[in-house]
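What follows is a short report on a single structure.
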Amino acid sequence: AQSVTQLDSHVSVSEGTPVLLRCNYSSSYSPSLFWYVQHPNKGLQLLLKYTSAATLVKGINGFEAEFKKSETSFHLTKPSAHMSDAAEYFCVVRGGRALTFGSGTRLQVQP
Amino acid sequence: EAGVAQSPRYKIIEKRQSVAFWCNPISGHATLYWYQQILGQGPKLLIQFQNNGVVDDSQLPKDRFSAERLKGVDSTLKIQPAKLEDSAVYLCASSLGLAELDTQYFGPGTRLTVL
């Protein structure tokens with residue numbers, strides 16, 4: 001069985017400062033990992049996915065995530081937050097057919 | 001490329017009534033998923049189709065929920081009778097196939113309120 005834990009339910013940053021959204025995973029075998037973003041009243045959009053080809057994964061809109069097997073972590077980062085980044089972010093693990101979502105982290109960006 | 005379409009976007013019903021949601025996946029996508037997202041939680045898989053066959057419905061409350069994908073394209077999800085705890089956003093997603101890294105594309109969802 002696989003699961004993900006998003007360590008922060010809310011994160012608030014100032015525009016132009018770095019973003020860090022934390023995710024730990026549990027999986028009985030080598031997992032596939034994803035980050036999705038959900039803007040209000042919009043569908044979930046894939047930010048990036050871990051394919052096991054490289055531990056540092058680059059996604060859309062300047063986001064990236066680093067897979068650390070020793071720490072069972074897959075944290076999402078961005079060097080400089082923009083107002084449009086304000087949304088709900090989900091860390092997701094896939095083992096077999098199903099996607100298992102974390103509970104989400106709401107990112108607020110202050111002007 | 002058109003995305004995943006869902007209708008209606010919003011639905012308000014009273015408990016014990018029935019309701020149906022419709023989903024049209026991205027053209028050519030063989031795999032279709034229905035998720036339930038309760039407020040403050042991540043989406044939870046209800047059912048997964050490969051073409052018109054069910055791959056996984058282990059999390060579907062079959063006493064009240066049903067879903068079909070008769071021609072392997074559009075799908076409907078039905079709740080009968082609805083309970084208060086069914087209030088949630090129902091998300092439809094599709095992917096090319098069942099491969100481990102096939103990206104799932106999500107529709108905007110249907111927000112259901114049960115009074």
Practice problem: Name the single residue, out of those in region B:4-14 being surrounded by 15 or more Cβ atoms within 10 Å (Cβ to Cβ) and either within 11 Å of chain A (Cβ to nearest Cβ) or of a type in the set (A, V, I, L, M, F, W, C) (or both), that is farthest from the chain's Cα centre (by Cα). | Solution: B:13
Quiz item: Counting only residues that are surrounded by fewer than 14 Cβ atoms within 10 Å (Cβ to Cβ) and more than 27 Å from residue A:39 (Cα to Cα), which one in region B:62-98 is farthest from the other protein chains (Cβ to nearest Cβ)?
Solution: B:80
Quiz prompt | So residue A:4, is it among the aliphatic types (A, V, I, L, M) and touching a helix residue (DSSP H, G or I) at 6+ places or on another chain (Cβ under 9 Å) | solution = no
Quiz item: Which of the strands (runs of 3 or more DSSP E) contained wholly in region A:7-94 include at least 3 residues that are under 10 Å from the mean Cα position of the chain (by Cα) and within 14 Å of chain B (Cβ to nearest Cβ)?
Solution: A:32-38, A:44-50
Exercise. Pull up region A:95-106, narrow it to residues that are of a type outside the set (Ser, Thr, Tyr) and crowded, with 21+ Cβ neighbours inside 10 Å, then point me to the one that is nearest to the other protein chains (Cβ to nearest Cβ).
Key: A:101
Quiz item: If you take the residues of region B:25-59 that are surrounded by 17 or more Cβ atoms within 10 Å (Cβ to Cβ) and of a type in the set (Val, Ile, Thr), which of them is farthest from the chain's Cα centre (by Cα)?
Solution: B:26
Practice problem: Could you grab me the full set of residues in region B:15-54 that are more than 9 Å from chain A (Cβ to nearest Cβ), touching a strand residue (DSSP E or B) at 6+ places or on another chain (Cβ under 6 Å) and of a type in the set (D, E, K, R)? | Solution: B:15
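The numbers here are math on the coordinates, done by the rules we state, and not lab data. The structure presented is a predicted model; accordingly, all values stated were derived computationally and were not measured. Backbone-built Cβ (ideal geometry, glycine too); neighbour counts: all protein chains shown.
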